[in-house]
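Contents: one structure, followed by commentary.
The values are calculated or read from the model by the stated rules, or taken from the named source; none is laboratory data. Quantities reported herein were computed from a predicted structural model and do not represent experimental measurements. Glycine also receives a Cβ, built like all others from the backbone with ideal geometry; neighbour counts cover every protein chain displayed.
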Amino acid sequence: MRLGLERPGLGKLATVETTAMSAFVGYVAVLVAAAHGMSPVLAEKMPAIAKRAAPGRLGVAVYDFGTGERWSLRGDEPFPLQSVFKVMAGARVLQEVDAGARRLEEPVEITARELSVFWSPITDAWQPPSQTYPLRRLVELAVSVSDNTAGDHLLRLGGGPQAMNAMFAKAGIKGIRVDRYERELQPECAGMPPFGPEAIIDVPKFARDVEAQPPSVKKRALEAYLADPRDTATPNGAVDFLLALANGKLLGAESTEQLLAIMTATSTGQRRLKAGLPPASVLAHKTGTGNTVLGTSPAVNDIGIITLADGRRIAIAVFLSGARGDEASRERILADVARLVVQATR
């Protein structure tokens, strides 16, 4: 900032000195703001939480909407997405709604060929020859409940992985890639061949086959999955997705509000980020979880937007991959990350 003050008899020299002094004061102000931001606290205290995750990897990215400050740990390393992809699939389908290509109340038929594996209330309740759901309900089931059949069908309705990745590219979001449907990814994670798009899955048999896999096969499949670049996100990329959503870069105002409301109604992950927040906080989020294999969890994830009681907002993405220990201890790590982040932004 240039004040343009000139002292009598000194002319331009005083102007230069004043300009330099003003710049120095501005620089000091930036340093003071940074010193009182969240970064020093997180840099000091987050490593202790990450140490508890060993031999797993903990990835964290945070953005403070009020100050614009960002901070990350392993922010540009890829982590398995698991069901976090479903909120992105929901956004892609809502783009179709915004474009007038679909309606939230349009009926969507689920036949035997659409049923997916593992966690799916739709699959559990399905009766032949088909069940019909409004598109709005499929988005709710995929995002709030994390239903695998709903997630796969949203991905299909939105144009598949290619359309999802094009959505990221258009919004300038880097570090996220979606490659497979749940009916492909989950069998491969268990060391089994993927199910094709038209396959009718015998879900109970699939579950038995997974359990019957030899430990050596499970171990190789786990190692391959943890090293696979497909279906991954970086913590920074996940936060960029949240920012694009919150700032209206992905959806119109009404669809943005609807998706954030669905995320706020999420029933999964109550002991993760949400457990680390103070009373009266609101969390719009999406979880992701991999099946524990031989005592190792490939993914315990939670990303979302925190709104504190005083109105402050924080975007946060936490990915935990390859951790051991029981489920409660793994989820407690995510809760402690959220607790520390809130403390650091005060």
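Among the residues of the range 63-95, write down those that are aliphatic (A, V, I, L, M), over 14 Å from Phe241 (Cβ atoms) and outside any helix (DSSP H, G or I).
Residue satisfying the conditions is Leu73 alone.
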Exercise for review: Could you check, for the range 242-251, whether at least one of its residues is more than 21 Å from Leu81 (Cβ to Cβ), of a type outside the set (Val, Ile, Thr) and either surrounded by fewer than 21 Cβ atoms within 10 Å (Cβ to Cβ) or in contact with a His (Cβ under 6 Å, 6 or more places away or on another chain) (or both)?
Suggested key: yes
**Study point:** All positions within the range 175-228 that are more than 18 Å from Phe118 (Cβ to Cβ) and among the polar types (S, T, N, Q)
**Key:** Ser216
Exercise for review: Give the number of residues within the range 241-279 that are under 22 Å from Thr345 (Cβ atoms) and either over 17 Å from the mean Cα position of the chain (by Cα) or assigned to a helix (DSSP H, G or I) (or both).
Suggested key: 16
Revision key, fill the gap. Per the filter on the range 280-296, residues crowded, with 20+ Cβ neighbours inside 10 Å and over 17 Å from the mean Cα position of the chain (by Cα) are Val293
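Looking at the range 75-84, can you tell me whether even one residue there is aromatic (Phe, Trp, Tyr), at pLDDT 95 or above and touching a Phe, Trp or Tyr at 6+ places or on another chain (Cβ under 8 Å)?
Step one: of the range 75-84, the residues aromatic (Phe, Trp, Tyr) are 79.
The next check asks that each one be at pLDDT 95 or above; those that pass are 79.
With touching a Phe, Trp or Tyr at 6+ places or on another chain (Cβ under 8 Å) added as a condition, the list becomes 79.
Scanning the range 75-84 turns up at least one residue that is aromatic (Phe, Trp, Tyr), at pLDDT 95 or above and touching a Phe, Trp or Tyr at 6+ places or on another chain (Cβ under 8 Å).
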Check your understanding: Looking at the range 297-321, which of its residues are touching a residue at least 60 places away in the same chain (Cβ under 8 Å), in contact with a strand residue (DSSP E or B) (Cβ under 6 Å, 6 or more places away or on another chain) and more than 17 Å from Phe241 (Cβ to Cβ)?
Key -> Ser297, Pro298, Leu320, Ser321
